[in-house]
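Participant: I have a structure here, written as structure tokens, and I will follow up with some questions on it.
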Amino acid sequence: MKDRRNPDKIIAFVMAGGEGKRLNPLSADRCKPAVPFGARYRIVDFVLSNLINSGISSVYLLVQYKAQELIEHIRKAWVISPLLPSQFVTVVPPEMHKETLQFKGTSDAVYQSLRLIELHQPNIVAVFGADHIYRMDINQMVWFHKEQRADVTIAALPVPLEQASSFGIIDTEADGKVREFQEKPQSPKPMPTDPSRAYASMGNYLFNTEVLVEALYEAHRLGETDFGNHVLPRLIASRRLYAYDFSNNEIPGIKPYEEVGYWRDVGTIDAYFDAHKDVLGENPRFDAFNPQWPIYSSNYQGPVAKILGGEIENSLFGAACVIHKNTRLHNCIVRREAVVEEGAELEDCIIMDYVRIGRNARLRRVIVDRHNVIEANVQLGYDRVADAQKYIVTDGGIVVVPMGKINFFARDSRGHGPGYAE
Ligand SMILES: Nc1ncnc2c1ncn2[C@@H]1O[C@H](COP(=O)(O)OP(=O)(O)O[C@H]2O[C@H](CO)[C@@H](O)[C@H](O)[C@H]2O)[C@@H](O)[C@H]1O
């Protein structure tokens with residue numbers, strides 16, 4: 001592998017304004033990048049870890065929709081060092097900018113942040129999405145960008161043809177030069193080498209700064225607001241656009257059993273739920289443990305998980321959760337400070353932070369969002385019709401209990417409950 005140090009001056013804009021409607025109700029009170037993932041992360045932690053691990057550490061998150069939970073997470077988890085002022089992760093709200101109080105789209109959000117580009121004078125600007133679960137060494141994309149003398153490079157990977165109309169679809173020459181870019185086409189073009197798949201944009205771009213600045217002024221003049229719909233297709237005629245093949249990206253420390261080029265767009269509840277299966281098991285498709293490419297998250301200072309008994313199989317536990325005796329947990333993710341009381345049975349569940357599962361409750365294929373109390377003896381996931389009267393039940397049969405009200409008095413008989421509110 002090549003030398004990872006990068007002589008370029010790169011700043012990153014992470015597009016964290018997405019509403020993530022299809023993730024409702026998990027995105028009802030927070031933007032999609034703030035949605036919890038796995039036993040201790042938020043979705044945004046994956047792109048931020050990739051940037052920091054790649055040595056790109058001047059990072060602006062452009063937020064918009066319901067950003068408060070994300071802002072709190074960034075404030076607490078993503079403080080790099082006051083001694084290194086050029087290394088930061090910070091949030092840019094739309095209010096700071098030109099003209100409108102809202103970003104009208106992804107390219108408009110960067111247009112309104114042009115002042116930050118002027119301030120830093122980078123030679124490359126990385127514009128990355130915040131919505132995906134993956135590991136990526138972005139330096140390898142930078143090397144490709146420079147070797148091809150590209151003006152713009154789009155990270156890309158093959159996706160099944162039946163899913164391709166949810167993505168920007170790219171057609172390239174043999175060396176990766178982009179011939180055509182169509183945002184979410186109704187009839188996506190298959191790859192010449194594989195008719196069952198199409199070559200999709202990951203929503204991660206590198207721009208030479210002057211090309212980006214000129215393109216953003218032009219888009220603004222034309223009333224265009226989006227990278228995928230407007231800026232990228234327009235640039236093909238006049239600029240060198242390349243697609244970087246993500247399947248060539250090499251991550252140190254990946255285990256032989258992991259899926260090479262793991263990348264998931266957790267855009268729906270069912271996709272989100274399925275991606276959680278990928279982090280479980282003896283040989284997970286995506287192993288959270290990789291000291292050579294860590295995924296960073298909050299600096300929570302509470303104690304470790306406490307397992308008092310029970311029959312536990314293939315499950316992950318966040319800090320300070322308490323699992324009482326005579327419980328049964330199979331294929332579960334239990335996040336920080338959750339409490340599972342005696343006799344409760346959980347199968348294929350995601351139990352988020354500060355949730356209490358009452359005695360003898362039985363939950364199967366359920367996501368319980370933060371700050372909920374599931375009362376004793378309640379059953380969820382066994383009667384679709386009854387569940388659907390109270391909660392969202394997805395096509396895939398996942399029951400989702402939306403975020404509850406923060407209640408610091410909701411402690412169990414032993415005093416456990418939401419405490420170290422992060
Ligand atoms: N107004 C705004 N301000 C700040 N951030 C905003 C924003 N609107 C959206 N975002 C964020 O920008 C990123 C892109 O979201 P979009 O909804 O614009 O596109 P989508 O994800 O559907 O497609 C995109 O990503 C897929 C890959 O998932 C590509 O295939 C496709 O070409 C590309 O357009 C997400 O991280 C989102 O959170």
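Participant: Take the residues in the range 159-177 that are outside any strand (DSSP E or B) and crowded, with 18+ Cβ neighbours inside 10 Å, then tell me which one is nearest to the ligand (Cβ to nearest atom).
Facilitator: By that ranking, first place goes to Phe167.
Table: residues versus (1) part of a strand (DSSP E or B); (2) farther than 30 Å from Lys21 by Cβ; (3) more than 26 Å from the chain's Cα centre (by Cα).
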residue: Met141; (1), (2), (3): no, no, no
residue: Arg149; (1), (2), (3): no, yes, yes
residue: Thr153; (1), (2), (3): yes, no, no
residue: Leu157; (1), (2), (3): yes, no, no
residue: Arg179; (1), (2), (3): yes, yes, yes
residue: Pro188; (1), (2), (3): no, no, no
residue: Glu210; (1), (2), (3): no, yes, yes
residue: Tyr217; (1), (2), (3): no, yes, yes
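Participant: Next up: What helices (runs of 4 or more DSSP H), lying completely within the range 57-137, carry at least 2 residues that are within 11 Å of the ligand (Cβ to nearest atom) and hydrophobic (A, V, I, L, M, F, W, C)?
Facilitator: 106-111
Participant: State the number of residues belonging to the range 210-265 that are surrounded by fewer than 18 Cβ atoms within 10 Å (Cβ to Cβ), hydroxyl-bearing (Ser, Thr, Tyr) and under 25 Å from Ala164 (Cβ atoms).
Facilitator: 1
Participant: Then there's this: Quick test for you: out of Pro36, Pro25, pick the one residue that is more than 15 Å from the ligand (Cβ to nearest atom), crowded, with 22+ Cβ neighbours inside 10 Å and either touching a residue at least 24 places away in the same chain (Cβ under 8 Å) or over 25 Å from Thr153 (Cα atoms) (or both).
Facilitator: When all the criteria are applied, what remains is Pro36.
Participant: Take Thr268 and tell me if it is more than 25 Å from the chain's Cα centre (by Cα), farther than 28 Å from Asp8 by Cα and β-branched (Val, Ile, Thr).
Facilitator: No, not satisfied.
Okay, residues lined up against (1) without any contact (Cβ under 8 Å) to a residue 12 or more places away in the chain; (2) surrounded by 24 or more Cβ atoms within 10 Å (Cβ to Cβ); (3) within 17 Å of Leu26 (Cβ to Cβ); (4) polar (S, T, N, Q):
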residue	(1), (2), (3), (4)
Ile323	no, yes, no, no
Asn326	no, no, no, yes
Val334	no, yes, yes, no
Ala338	no, yes, yes, no
Gly343	no, no, no, no
Leu346	no, yes, no, no
Tyr354	no, yes, yes, no
Gly358	no, no, no, no
Arg365	no, no, yes, no
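Participant: Do you know which residues across the range 214-260 are touching a residue at least 40 places away in the same chain (Cβ under 8 Å) and among the polar types (S, T, N, Q)?
Facilitator: Matches in the range 214-260: Thr225, Asn229, Ser247, Asn248, Asn249.
Participant: Of the numbered conditions (1) within 15 Å of Pro402 (Cβ to Cβ); (2) modelled with pLDDT of 95 or more, Asn372 fails exactly one; give the number of that condition.
Facilitator: Here Asn372 clears every test but (2).
The values are calculated or read from the model by the stated rules, or taken from the named source; none is laboratory data. Since we're looking at a predicted model, the values are computed, not measured. Please note: Cβ atoms are built from the backbone with ideal geometry, for glycine as well, and neighbour counts cover all protein chains shown.
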